[in-house]
Every structure is written in structure tokens, then in C-alpha cells.
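For reference, the structure is listed below as C-alpha cells.
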Amino acid sequence: MTTMSAYEIAESVRDQKVTATSVIERSISNANALNPKLNAFLAIDREGALEAAERIDSIIAKGGSPGRLAGVPIALKDNMCKVGLPTTCGSKILEGWNPPYDATVTKLLQSEGAIIVGKTNLDEFAMGSSTENSAFGPTLNPVDLTRVPGGSSGGSASSVAAGIVPIALGSDTGGSIRQPASLCGVVGVKPTYGRVSRYGLVAFASSLDQIGPFTSSVMDSAITLEVISGFDPKDSTSYDQEVGSLSAQRGLSIEGLRVGIVTEFIDGSDPEVVGALRDAAEGLARLGAEVVEISIPETKLGLSAYYLIAPAEASSNLARFDGVRFGLRVEGSNIEETNVLTRTKGFGAEVKRRIMLGTYALSSGYYDAYYAKAQQVRTLIKSGFEQAYQRVDVLISPVSPTTAFKIGERSLDPLAMYLSDVCTIPSNLAGHPAMSVPYALDSQGLPIGVQVLAPALREDLMFRLAFALEESASGVPTLDPSIKEAIIHG
Amino acid sequence: MSSRISPKEVAHVAMLARLSLTDEEAELYASQLSSVLDHASDIESLDIHDLEVTAHPLGLTNRTRMDIVVAGLSQREALSQAPDEAQGMFSVPPVLGEPS
């Protein structure tokens, strides 16, 4: 990685070894230099970020306490709101929309001295696994510019992997943080459903969506999650139990920790991906963990349940984009025609596909067969995990069945694209935490992540194992030569 | 190619969702949605009608806040992003009347 970790930056800023202003200058310069190649950012806020940096520097000059993330540049996936910057969700239907309020995560990060430098590209309304569905063009993988960064939070993954920012936030509905983290070689965390307030996150599938961090180290993810977790009166699905100290898990022994490899997630994964997972398991065993293989057959039903539940909830959530109160309006002769013209012009093909799938699954005569059935399958999957957690403490598996695929390789076959999420979806359906830890490289030098899964609200155990995995990980990906060349070093 | 959903049904669903499709789009979406619904046949065949549904993973329900007045968006802020406004309200084309 080309930048210092967030932890090191904040420490250096607090100790006045560097100024927040100089940190932000460099981050913005790199964003501007690399974005023409990566298309990771939809907005870069030089002016706002430098203003915020000056405030941090003046707090420090006066001897005040600037916070745990003092001067740390952060990027937000462009489905989270920050006053003063547009939020597009990667869609034409919201182009030019300037949210009149901040997301709760924005406020929490800023209250610890973090500085938002920009908004990152995503699959339109977070629907996709490659960031090719953005209305503003695809984001590229900084390790190999002919490949996708994964998705839907591809811009956030790409910007952290390229070293532009040490932390970016993403949202994960079916794997949208973990899969791009794996494909770009960075850490990505989906917390327990309800850990992090979703106020100010544009809703995709409300019973599944969760915000989490991308970082280059496990420690930075632990710190970020500590900062953004907690109950929020503005999100009644948020949970009011403290997340506890996750950073304190570093260095704790994993001796005797029972680790299960999920059989169902290995079946169907590429041999090199499975090989990396086996190496990881051996590494954990050497540290004293008891590793066993464990079958959770219910997880096989995850993909089908997800692709009914998520589109159904999306079709309802996206009904608000009707050209009346905000965003695009294509004027027709009456209100209904205006609704139809606006939505037809504003939404891209994948969003339309999911809205229709969801509308169909919720329509009279099909509701019981599809949506209600899928919600029952969720119960099955949850109890499958719960049974597994009676035998083991944590689970590990591949994150994605393959490493980063070529741009355009799957974009014509929706089902093939949906299969990218087969290992990540079950955690969203169960509401459990899961994260991707970069572990190895395939024979082409592409990153392979290992997924760590834990019971609901047990992020502590998940991070303990993640810290241990990070210790034994092999191989840091080499950035594409043209990216390496363009990076401005501080 | 299976046809769980016909182009005619796709057009009906699009109408419900306030989307307008060309005939070619309806054909394409019919085949793509059919393949996703085909994949879902694994859950269709399950006999689990007695099982509870999971809507919230942690089972939180009916959470209310204290009945305390807090400031919301001002009228000006709420209207600031409106495509069209009149007299402090969102303005829209006629709700009643003949479509063109």
C-alpha cells in the first residue's frame, strides 16, 4: 500500500508530525491524478475537504482533541448523504440531487476528525456485482485495469486499493462490500444488521442493507466500525448494544478457537480460491485454532431467496423516484405520464429488471409463492447458521467463487452475475456479520480474500480471527503499472 | 428456453411499476426474468408452510421513540430539490385529465 494507515495518519496529525491539510492535499491530488484511469470517484471535494482540514489543524494548534480519525481522508459510496455534495446512487434519476441532510455515518466520522474527500462510484442503486451498472461508466480494478473491481461498492474498494484514501465506506446488501474488497485486495466488513445506522443511506433492500468500511488493514476497519456503530433514534432498525472494543482483539490468542470451513461455499469455487482458503485454515491451525469442515445445506437456498426478497424490497423503495419531489422529472401531460416518462428515462436496465422482478414477486397470486416463501427460507438459513455455531465459534469460506473477472465478461447474463454473490448472500439473509480479509494472490497476481463469518453481534470474535489471518496472509497485490506511475507520493 | 413469464406479463408488470418498455425490451426481460425464476424453483418446491417468516434478523419489532418534538426539515429545505414548486408546495402536472 502506498499510504499510511488511518491509524498512523491520525496519530501523526495529533502529534503534529504532519498537518491534516498536507494529508488532504495529497489525497485529493491522488484522487485527481488517478480518477481518469479508475473512474472510482463521482465527486471530489477539494474545497470542502481543505476547509475541514484547516479546522482540524487549528483545533490541534489550540491544544484541543481532534478525534480518533483526525485528518484521515475518507470516501463515501455515493448512496450516502453529505450536505454540500450531490448524491447520485450512480443513477441518472438522482443526477444533481443535493441532499439537505447528512447521513448519521457522515456525522459520526466527522465528529472524530475524519474528512470526507469525495463520493465513490457504484452499480446503480447498489444493484450489481461489478460496478458496470453505473450510469456514469464502470470503475476499474487498480490491480488490473482490464478487470472489474467487483460491486456494488466498486469505487470505494478501488479508491482504497489504489491508496487514494485509507478508509472508504460501502453498503452491503448481498455482498457489495465483501466481494469488491476480495477482488481488489483490501479489508471489507459487513457488520451485524442494525449495528450501523442507515439514516442517510439511500435504501435498496431495507431488511438486508448494512453500511461498513473498506480499509487496507484489519485495525483500520476495527477503528472505523467502533466509530460508526451504535443506536440512532433516526433508524429504528439500529441496535442499542455497544459494539465493544474491536481494536483490542489484535494479538489475542486464537488457541482453542473452533473454526468451521463451510463446505457449501467451497463447492463451485475456483481451485485457486479454495487453495488459498485451505492455506488460511492451515495457518489458523498452526496458531492453535481447531479447524473442521462443516456443512450448512440451507445456505444453498440463499441465492434464490435473495433474488426474490431484495428485488421485492427494491421495487417498493424505488417507488419514491417519481419525478415529484426531487431528482429528474420528464414532464408528461399528466402526473401518471410524468411518473412513467421519468422512471423510464432515469433508471438503467438492471434497476428496471429488479424493479420488475420485485413487482412480479409481490403481485397478487405470486406473493405467497415467492416473497413469503423466500422470507421463510431466511428462517431456515438463520437456523442453519445457528446450528453450526453450536459446534464452532466462527466460520471461514471463500468470499467470491472467482477472482476479478474481465470487464464485460458477465454483463450480458444477469444470472451469471448474480452467482458472484453465492458465498456472501447468506450472511445478509441471516443478519450476521461477515468480512473479507485479503489473503493470497492467484497465478495471475489477482487478490483472493478469505471470508470470516460470526454469529449475530459477535464482531469481536470475527475481528480476533481476522487479525490472526492478516498475520499469516501472503502476497500484497501489485498495482497496475500505469496506476503506480501516476501516484503522487507525499 | 423456459417461459415462466411471458412478454405480455412483463408488459403488465412494467405498467404496475410505472415503466414503459419497448417490445424488444419486454421480450428480453421475459427471458431474463424466467431464468431467475427458474433458479428459484428450488425454494418453490420446499414444503415449509408452517415455518415463521424472518423480516428483521434480530427480531426487533414496534420500536417507538419518546414522544418529544424535534425539528425536521424546514419547508424551504424540503422544497430545495423540487423539480417544480408553487406557493410553497410541490407542483406537478394535472392529476386528473385526459392523457395525451
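General remarks:
- Of all the residues in region A:124-159, those that are under 13 Å from A:ILE483 (Cβ atoms) and not in a loop (DSSP other than H, G, I, E, B) number 5.
- Unique residue being part of a helix (DSSP H, G or I), more than 7 Å from chain B (Cβ to nearest Cβ), among the basic types (Lys, Arg) and surrounded by 24 or more Cβ atoms within 10 Å (Cβ to Cβ) when the list is A:ARG343, A:ARG354: A:ARG354
- For A:SER333, the criteria (1) of a type in the set (S, T, N, Q); (2) assigned to a loop (DSSP other than H, G, I, E, B); (3) under 27 Å from the mean Cα position of the chain (by Cα) hold in every case but one, which is (3).
- Filter result (more than 23 Å from the chain's Cα centre (by Cα) and crowded, with 24+ Cβ neighbours inside 10 Å) within region A:307-322: A:PHE321
- Figure legend. Inter-residue proximity from region B:61-86: first residues farther than 30 Å from A:GLY96 by Cα, second residues modelled with pLDDT of 90 or more and assigned to a loop (DSSP other than H, G, I, E, B), beta-carbon distance below 7 Å, spacing 6+ or different chains. Indicated pairs: B:ARG63/A:SER236; B:ARG65/A:PRO233.
- For region A:370-403, a residue qualifies if it is among the small types (Gly, Ala, Ser), away from chain B (no Cβ under 14 Å) and farther than 15 Å from A:ILE294 by Cβ, and exactly one does: A:SER400.
- Qualifying residue in region A:146-165 (condition: more than 10 Å from the chain's Cα centre (by Cα), on the phi < 0 side of the Ramachandran plot, touching a residue at least 12 places away in the same chain (Cβ under 8 Å) and open to solvent by 10 Å² or more (accessible area, probe 1.4 Å)): yes
- Just so you know, in region A:209-227 the residues that are part of a loop (DSSP other than H, G, I, E, B) and farther than 26 Å from A:GLU95 by Cβ include one that is nearest to the chain's Cα centre (by Cα), and it is A:SER216.
- Helices (runs of 4 or more DSSP H) wholly inside region B:1-89 containing at least 3 residues that are within 8 Å of chain A (Cβ to nearest Cβ): B:7-16, B:23-39, B:41-44
- Qualifying residue in region A:69-78 (condition: open to solvent by 10 Å² or more (accessible area, probe 1.4 Å) and not in a helix (DSSP H, G or I)): no
- Yes/no for A:GLY48 being in contact with a Gly (Cβ under 7 Å, 6 or more places away or on another chain), under 30 Å from A:GLY327 (Cβ atoms), open to solvent by 50 Å² or more (accessible area, probe 1.4 Å) and not in a strand (DSSP E or B): no
- Matching residues, region A:323-339, being facing another protein chain (nearest Cβ under 7 Å) and crowded, with 20+ Cβ neighbours inside 10 Å: A:GLY323, A:PHE326, A:ARG329, A:THR338, A:ASN339
- Scanning region A:359-381 for residues that are touching a residue at least 40 places away in the same chain (Cβ under 8 Å) and hydrophobic (A, V, I, L, M, F, W, C) yields A:ALA361, A:LEU362, A:ALA374, A:VAL377, A:LEU380, A:ILE381.
- Set A:PHE204, A:PHE265: member being more than 19 Å from A:VAL165 (Cβ to Cβ), away from chain B (no Cβ under 14 Å), open to solvent by less than 10 Å² (accessible area, probe 1.4 Å) and part of a loop (DSSP other than H, G, I, E, B): A:PHE204
- Among (1) in contact with a Leu (Cβ under 6 Å, 6 or more places away or on another chain); (2) open to solvent by less than 10 Å² (accessible area, probe 1.4 Å); (3) closer than 28 Å to A:SER482 by Cα, the one test that A:ALA40 misses: (1)
- One residue from A:LEU252, A:LEU303, A:LEU277 being more than 30 Å from B:SER45 (Cβ to Cβ) and crowded, with 18+ Cβ neighbours inside 10 Å: A:LEU277
The values are calculated or read from the model by the stated rules, or taken from the named source; none is laboratory data. Everything numeric in this text was worked out from a predicted model, so none of it was measured. So basically every Cβ, Gly included, is an ideal-geometry build from the backbone, and we count neighbours across all protein chains shown. Note: areas computed on protein heavy atoms with side chains; ligands, DNA, RNA excluded. Shrake-Rupley method; radii C 1.70, N 1.55, O 1.52, S 1.80 Å.
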